[in-house]
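Contents: one structure, followed by commentary.
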Amino acid sequence: MNDHFEKELKTSDFDFHLPEHLIAQEPTEKRGDSRLLVLDRLTGKCTHDFLGNIPEYIPRNALVVMNNSRVRKARIFGTSETGGIVEFLLIGPDGDPGVPEGFRWKALVSKAKKQRIGKNYTFPQGITGQIIGQYPEGVRLLAFNEPVDDKYLDIHGHIPLPPYIQRADSSLDSDRYQTVYNETTGSVAAPTAGLHFTQELLDKMDNMGIERAMVTLHVGLGTFLPVRAEVVQEHRMHEEVYSISPEAASQINNALAQKRPILAIGTTSVRTLESAYTPETGQVASGSSSTSIFIYPGYEFRVVSTLFTNFHTPQSTLLMLVSAFAGRDKILDAYNQAIQQEYRFFSYGDGMLIL
């Protein structure tokens, strides 16, 4: 996608210093009670406001696109043969069509060097599992003696909070680390820009005549992995599964044909829309597919014209994506202003609207 852009970018070009106390460890007391930074990407001007006022900045003829993926309670704990507690993050099924669903999962595992092929574990409800395979990035293939499905995980699993939230998950996270419009389970991390939206805010947008469309992208392993390449272009994204219904595709394609603004809620919505776009037709395709699209400065956006997102971690692919959308210097300047104004950062943090 970015082959036309020849300038070599360094991962270190997307670094910034963030005081640790600005990393939000808890959600706001009430959903939606967040601050809003509005960035004009043409001028670089920043306006400071509150999230509840975001409809005032959205053009009435805009199409707002949201990701309705639901976070799976994918973190489970097993007891090893020696009695140690081992944490597994179930990334997704291994995809082998010959194996019944739920029996084999790809997983990240704690104390990874010790968790080798052949090791056995006991999980809640007497289910046992064995590591039967190993992949790059510390991923293991875990085989269970009984199916581990979402019903089991809803009872025995834990919300997979990101590593910069340095506490155990609580019952509050089961609600607040999900969007109010979630529908389809499959993500190992929340599409966090959507966490700000309450039903009241959605109703307000509806009453203002702002159209909404839903897409699905299940957030995968890439969310948890840092960019290790020194040169940005050498990084490779992990594939994530997405789907767009015929109805949503029709909404999006009508907006494109009418040259109406398309506002993506979150980087996952951006990646879905840009991945589904077909240059030959000038439209997005409906259906299910997978994407490893990597958006960094130099990328030409085909679908998205406005973006609402959270504040992202230094040197991350997400920061590179918003830098592609608004310009690296403007983004880093906006981040600097947000730090000075003591905005809350990352998953449970405040929001940014880029016009």
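The values are calculated or read from the model by the stated rules, or taken from the named source; none is laboratory data. Being a predicted model, the structure only gives us computed values, none of them experimental. Positions of Cβ are generated from backbone atoms using ideal geometry, with glycine treated the same way; all protein chains shown enter the neighbour counts.
Descriptive notes on the structure:
- Just one of the listed residues (Gly129, Gly186, Gly194) is in a helix (DSSP H, G or I), in contact with a strand residue (DSSP E or B) (Cβ under 7 Å, 6 or more places away or on another chain) and in contact (Cβ under 8 Å) with a residue 24 or more places away in the chain, namely Gly194.
- Those helices (runs of 4 or more DSSP H) lying entirely in the range 265-355 with at least 2 residues surrounded by 18 or more Cβ atoms within 10 Å (Cβ to Cβ), in the same structural domain as Gly222 (by TED's automatic domain parsing) and among the polar types (S, T, N, Q): 267-276, 317-326
- Checking the stated criteria, Leu22 turns out not to satisfy the condition of being crowded, with 20+ Cβ neighbours inside 10 Å and at pLDDT 95 or above.
- When Asp173 is tested against the conditions (1) modelled with pLDDT of 95 or more; (2) on the phi < 0 side of the Ramachandran plot; (3) loosely packed, with under 14 Cβ neighbours inside 10 Å, the lone failure is (3).
- The residues on offer are Tyr135, Tyr152, and the sole one that is buried (at least 17 other Cβ atoms within 10 Å of the Cβ) and among the hydroxyl-bearing types (Ser, Thr, Tyr) is Tyr152.
- Of all residues in the range 62-119 being of a type in the set (S, T, N, Q) and in a loop (DSSP other than H, G, I, E, B), the one that is surrounded by the most Cβ atoms within 10 Å (Cβ to Cβ): Gln115
- Annotation note: of Leu37, Leu89, Leu22, the sole residue that is assigned by TED's automatic domain parsing to the domain that holds Gly186, within 18 Å of Leu161 (Cα to Cα) and among the aliphatic types (A, V, I, L, M) is Leu22.
- Test: residue in the range 48-56 that is under 23 Å from the mean Cα position of the chain (by Cα), part of a loop (DSSP other than H, G, I, E, B) and modelled with pLDDT of 95 or more: no
- Unmet requirement for Phe5, which otherwise passes all of (1) over 22 Å from Leu273 (Cα atoms); (2) at pLDDT below 95: (1)
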